[in-house]
Amino acid sequence: MTSPRPRTLRAAALVAGAAAVGLVLAGCSATNPITTQAKYSASDGVRVTLGDVVGSNLLVLSAAEGDPGAMQGGLINDGSEDRLVTVAIGDDETIVTVGAKETVLLGVGRNPEDGFAEVTFPVLEAAPGSTVSVTLSTPQDGSISVEVPVLDGTLPEYATAVPSPTS
């Protein structure tokens, strides 16, 4: 009878160890959700879903309480029909048409032909650093209200998008 050679035993141990490490690492993804698949707000705004319409990264820019406000973010229509989305703060509202399977970006001073819509509010009764209740509604899906952050032009990416009071 011959005994296994030490080299063969080491190779078998190495293969078994590699298989065990592979199983342990694969087990991590089985017990922990993959965070890149979770839908979340990746920036300063909030996310809201109303039927086929998703409001993504929604926030309002304003220089100060009582000044005009401008909505930023995007409206995404995952449905197969166009949607008329009403964006409202209090009694001030704007209707945005979002085509089927399209995205409309919200911003001030941008070209509608490039997929942008301007949603502004003449007087915003919320100070930068607080939140304001925004209601999104469609004829098909009803309405939903969400607390949206109010930011000012402190961050460079928003500095040119803050509306100024008109005289």
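Run the paramagnetic zone check for THR135: 7 angstrom along Cα to Cβ, then residues of the stretch 75-110 with backbone nitrogen under 16 Å. Taking a point 7 Å out along Cα→Cβ of THR135, the residues of the stretch 75-110 whose backbone N falls under 16 Å are 85-96. Stretched out straight at 0.36 nm per residue, the stretch from ALA12 to ALA100 would grow longer than its current Cα-Cα span by 25.9 nm.
Distance between the modelled labels on ASP92 and SER143, one decimal in nanometres: 1.7 nm (7 Å Cα→Cβ projection). Once both labels are positioned 7 Å from their Cα atoms along Cα-to-Cβ, the gap between ASP82 and LEU155 label points is 3.3 nm.
Each value in this text was obtained by applying a stated rule to the coordinates, not by laboratory testing. Keep in mind it's a predicted model, so treat the numbers as computed, not measured. Positions of Cβ are backbone-derived with ideal geometry, glycine not excepted, and every protein chain shown enters the neighbour counts.
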